[in-house]
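Structure record follows, encoded as structure tokens.
Please treat every number below as a calculation from the coordinates, not as lab data. Because the structure is predicted, anything quoted here is derived from the model rather than measured. Note that each Cβ is placed from the backbone with ideal geometry, even for glycine, and that neighbours are counted across all protein chains shown.
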Amino acid sequence: MRTDQAVQEDVEQELQWHPNLDTTNIAVSVKDGVVTLAGFVKSLTEKYEAESAAKRVAGVRAVANDLEVRLPATDERPDPDIARDAMTAIQSQLPMFFETIKVVVRDGWVTLDGQTEW
């Protein structure tokens, strides 16, 4: 019997190799061979493609597909995208303080937490 960790790694790799699936906002957890997919995707098709990909992995006994479909709005960006861009900006502009500054994004609002010399 395969370990949950091995199954989780294989599911994550299977999701990565799927050409039409953006796995940026998909989290995978496994307990006793039951895979839980959480997070959000951009379409119902992506939701079902992620589920199908997880089912193909050896050792998967069941899949709980808790993915939420969030249609992209033209004037709205998801919080994880904003957080990644903020972290990238801090790393490029303030590389000395990158480890001490934490980014929190909620409903499009960015909050920086930490300390710097100036």
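Observations on the model:
- Reachable lysines, given that their alpha-carbon falls under 25 Å from the alpha-carbon of LYS102 and they are not under 8 places away in the same chain: none
- Computed from backbone phi, the HN-Hα couplings of segment 108-118 come to x, 9, 9, 10, 9, 10, x, 9, 10, 6, 9 Hz, rounded to whole numbers (Karplus: 6.51 cos²θ - 1.76 cosθ + 1.60, θ = phi - 60°; Gly and Pro given as x).
- Computed over segment 43-97, Cα set: Rg, Dmax in Å: 17.1, 46
- Close amide H partners of GLY39, meaning residues 5 or more places away or on another chain with modelled amide H under 5 Å apart, are ALA27, GLU68.
- Angle between the chain longest axis and helix 79-93 axis [Cα atoms, degrees, rounded to 10]: 50 degrees
- Surrounding net charge for LEU44, when Lys and Arg each add one and Asp and Glu each subtract one, Cβ distance under 15 Å: -3
- Each Lys and Arg adds +1 at its Cβ and each Asp and Glu adds -1 at its Cβ; summed about the Cα centre, segment 3-78 shows a dipole of about 140 debye.
- For the pair ARG84 and THR45, a Förster radius of 22 Å applied to the C-beta separation gives a FRET efficiency near 0.40, rounded to the nearest 0.05.
- Taking a sphere under 9 Å around the Cβ of VAL69 and counting the other residues whose Cβ falls inside, with K and R at +1 and D and E at -1, yields a net charge of +1.
- Computed from point charges on the beta carbon alone (+1 for Lys and Arg, -1 for Asp and Glu), the dipole magnitude for segment 57-118 about its Cα centre is near 240 Debye.
- The shape of segment 1-70 can be summarised by an equivalent ellipsoid whose semi-axes, obtained from the alpha carbon gyration tensor, come to 19, 11, 9 Å from longest to shortest.
- You can think of it this way: the chain between MET96 and HIS18 has 24.4 nm of extra reach, that is 0.36 nm per residue less the Cα-Cα gap.
- Relative to the longest principal axis of the Cα atoms of the chain, the long axis of helix 4-17 makes an angle of roughly 80 degrees.
- 3J(HN,Hα) along segment 45-59: 4, 4, 4, 6, 5, 5, 4, 4, 4, 5, 5, 6, 7, 5, x Hz, from the Karplus curve 6.51 cos²θ - 1.76 cosθ + 1.60 with θ = phi - 60°, whole Hz, x for Gly and Pro.
- Share of pairwise Cα separations in the chain, more than 20 Å, in percent: 53 percent
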